[in-house]
Amino acid sequence: MAKKQFKTESKRILEMMIHSVYTHREIFLRELISNASDAIDKLYFRSLTDDSVTLKKDDYRIDITIDKEARTLILSDNGCGMDETALNENLGVIAHSGTLLFKNESEKPSELETIGQFGVGFYSAFMTAKKVTVLSRVYGSEQAFLWESDGADGYTVKAAEKSEHGTVITLILKDDTDDEAYDEFLETYRVSGLVKKYSDYIRYPIYLDGKEESENSMIPLWRKSKSELTAEDYNGFYKGKFHDFTDPAFSVHYNIEGAVSYTALLFAPSQAPYNFYSRDYEKGLQLYANGVLIMDKCADLLPDHFSFIRGLIDSPDLSLNISREILQHDRQLKAMAKSIEKKVKGELERLLENEREKYEEFYKTFGLQFKYGLYSGFGANAELLRDLVLFHSLAEDKLVTFKEYTENMPEGQPYIYYICAETPAKAALLPQTERVREKGYDILCLTEDVDEFAFKMLREYNEKEFRSVSGDDVGLTEEEKESQKAKSDENKDLLAFIQESLGDKVSGVTVSARLGRHPVCLTSEGELSIEMEKVLSQMPQGGDVKAKRVLELNADHAVFAAMRSLFVTDRDKLKVYANLLYTQALLIEGLPVDDPVAFSEKICSLMV
Ligand code: ADP
């Protein structure tokens with residue numbers, strides 16, 4: 001039979017798995033047991049409402065059998081099973097992913113991070129096995145199917161026989177080499193140890209080599225008391241349950257007694273799942289009614305700004321039919337969602353306060369979510385989220401909170417200043433920042449599209465308004481205002497002439513109060529900034545909004561003096577200068593130049 005090929009990306013990841021480092025190998029057992037348990041959950045849940053499923057709760061089990069001679073490790077479960085389509089779909093593609101998404105090369109994750117991102121569950125079998133077979137029969141069907149693969153070059157699926165429903169996974173372990181031994185996974189004590197270490201909480205009994213007593217205690221981790229549990233227990237549980245390779249950034253475990261009682265166990269991953277910033281990502285928490293899984297991803301429990309949270313809620317107050325009657329539980333769920341939001345916020349604040357580095361790492365991955373939350377809530381989430389966001393400070397060259405920024409403000413600083421740019425390094429070069437910085441005021445760098453929109457929504461922090469250093473009012477002193485007015489009046493006709501030469505490219509030409517050494521910059525008046533225009537113009541419906549551009553000239557610069565004389569001696573040349581300065585201002589802003597060739601020619605004509 002012709003082999004079917006794994007999807008390209010799957011193949012790459014599979015290769016990584018096959019050559020994965022030794023220390024991670026042992027998790028394959030946890031992954032396979034976790035899948036078996038999920039498959040039993042599915043059948044058990046069905047049995048609650050479907051009389052054709054006749055199994056009793058105690059009938060469910062997972063078995064592990066070791067055959068040293070044959071070098072096989074066999075895992076069997078009597079869960080829901082898979083048919084031919086399911087085998088192809090579930091085991092032919094890793095994580096159902098299309099492409100590996102990286103923002104850019106430098107952010108490319110390490111091999112292990114990549115594996116982790118994909119939640120490779122089943123495929124981890126290839127860390128220890130040279131060949132894997134999956135024999136499966138769906139409950140209620142007579143026909144079984146056999147999936148076989150000996151690694152990255154493909155797999156086959158064919159009809160087969162199996163006396164009971166469920167799934168049997170056989171791993172034929174790799175051969176030992178001089179430096180690598182796989183024999184350890186054929187040792188009963190080792191396998192038993194792994195079950196206890198990683199899968200103790202699994203709700204169904206796991207039997208090893210037909211022993212009568214199960215290897216696991218079967219007490220769900222979240223039902224144990226916090227004092228019994230270590231960070232390692234939580235981390236191990238998280239990784240097993242949510243198929244992650246890295247420890248979570250933090251975990252929270254708590255009980256609420258009251259109108260709605262429940263236990264919550266929540267985790268914040270330390271890296272984003274591969275599809276987090278795509279439409280495919282589904283947020284939600286697992287919902288258990290008294291220990292029985294009734295819903296895999298209950299979205300109502302998590303606000304969008306905390307959609308990265310993984311975890312579960314277990315409540316005795318929920319009925320088993322909740323997935324169908326979700327509306328009837330609306331009030332209960334809302335109450336839970338509120339308290340979950342508060343808990344998560346508290347935990348994030350704790351991390352920010354006590355483990356700054358870790359928080360910043362976390363923030364790099366998920367911080368965007370908070371900014372969207374600030375923006376999309378029309379201010380409703382301001383109180384919740386404003387102390388969780390960080391921005392790069394130009395003065396300190398590091399990330400700061402609003403609180404830190406305002407605490408460091410010198411006496412007399414009227415506003416919280418910000419500037420939009422691609423990177424902090426580029427922001428530092430912008431001439432608009434010159435005067436504000438000379439005054440000893442710090443400026444926050446906004447580097448992401450959503451940032452300025454979020455600032456507009458927030459308006460202020462601690463009664464200090466946010467102001468762009470490129471906006472119309474940067475908070476001049478009376479003296480500065482007077483001096484600017486005097487210079488404007490003095491050059492009124494010149495400014496009017498320049499504006500006329502530029503036509504509708506700008507809505508104003510002014511003498512600048514924000515420039516220091518540089519001759520020119522472009523700013524905007526009104527609510528819509530040039531940066532916002534850039535963002536909106538990339539959106540399908542936002543095409544034709546235009547910021548009101550103002551060309552600001554430095555009246556103390558030699559170029560300005562030159563223009564003053566040209567105004568008297570050679571107005572044609574002055575027109576050329578006006579256009580050159582305007583184009584320079586565009587370049588500084590990172591805006592496209594309509595006719596770069598004409599610009600270049602004009603510069604050349606000045607050079608010769
Ligand atoms: P994940 O468990 O993260 O979805 P896996 O690669 O581990 O990813 O498994 C892919 C899918 O294969 C599972 O979602 C499940 O539908 C199916 N599957 C895996 N193992 C079993 C099993 N023992 N019984 C039934 N279905 C299974």
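Counting protein heavy atoms only, the chain has 49 percent of its accessible area on carbon and sulfur, 1.4 angstrom probe.
Here the translational diffusion coefficient of the range 201-335 follows from Stokes-Einstein with Rh set to the Kirkwood radius across Cα pairs; for 4 °C and 1.567 mPa s it amounts to 80 µm²/s. The share of alpha-carbon pairs in the range 166-261 lying farther apart than 20 Å comes to 54%. Calculation over all alpha carbon pairs of the range 403-452 in 10 angstrom steps from 0 returns a P(r) of 25, 53, 22, 0 percent.
Over all projection directions, the Cα-based convex hull of the range 566-605 averages an area of 2.9 nm². Shown here is the pair-distance distribution of the range 426-550: with all Cα-Cα distances grouped in 5 Å bins from zero up to the longest one, the shares run 2, 9, 16, 22, 21, 15, 9, 4, 1, 0 percent. Checking the a/c ratio against 1.5 first, then a/b against b/c, what shape does the Cα gyration tensor give for the range 355-489? It comes out prolate by the Cα gyration axes.
Counting every pair of alpha carbons in the chain, the share spaced more than 35 Å apart comes to 53 percent. Counted over the range 131-200 with a bin width of 5 Å, the fraction of Cα pairs per bin, in whole percents, is 4, 14, 16, 16, 17, 18, 11, 3, 1, 0. Plainly put, the range 339-399 has a radius of gyration that is 0.98 times its Kirkwood radius, both from alpha-carbon atoms, as the Rg/Rh ratio. If a paramagnetic tag sat 7 Å from the Cα of THR365 along the Cα-Cβ line, which residues of the range 274-299 would have the backbone N under 17 Å from that point? Output list for this probe position: 274-278, 281-284.
When the listed pairs LYS283/LYS534; LYS197/LYS239; LYS334/LYS456 are checked against a 20 Å cut-off, the alpha-carbon distance exceeds it for LYS283/LYS534; LYS334/LYS456. Counted over all Cα-Cα pairs of the range 261-419, pairs farther apart than 29 Å make up 28 percent.
Along its principal axes, the range 459-525 has C-alpha extents of 44, 27, 20 angstrom, given from the largest down.
Each of PRO205, MET532, LEU495 was placed along the dipole of the chain (beta-carbon charges, centred on the mean Cα), and the one lying farthest toward the positive end is LEU495.
The alpha-carbon of LYS485 sits under 22 angstrom from the alpha-carbons of these lysines, leaving out residues fewer than 8 places away in its chain: LYS439, LYS548. Under 17 Å of direct C-alpha separation, and excluding same-chain neighbours fewer than eight residues apart, LYS158 reaches these lysines: LYS3, LYS4, LYS131. Take each peptide in 161-173, 365-377, count the other Cβ atoms within 10 Å of every residue, and average; sorted highest first, the result is 365-377, 161-173. Here's the list of lysines a cross-link from LYS57 could span, going by alpha-carbon distance under 20 Å and ignoring same-chain residues fewer than 8 apart: LYS42, LYS211.
The values are calculated or read from the model by the stated rules, or taken from the named source; none is laboratory data. Model, not experiment: these values are computed from the prediction. Don't worry about glycine lacking a Cβ; one is built from the backbone with ideal geometry, like all the others, and counts go over all protein chains shown. Ligands, DNA and RNA are stripped out before the accessible areas are found, and what is left, the full protein with its side chains, is counted by its heavy atoms. Shrake-Rupley method; radii C 1.70, N 1.55, O 1.52, S 1.80 Å.
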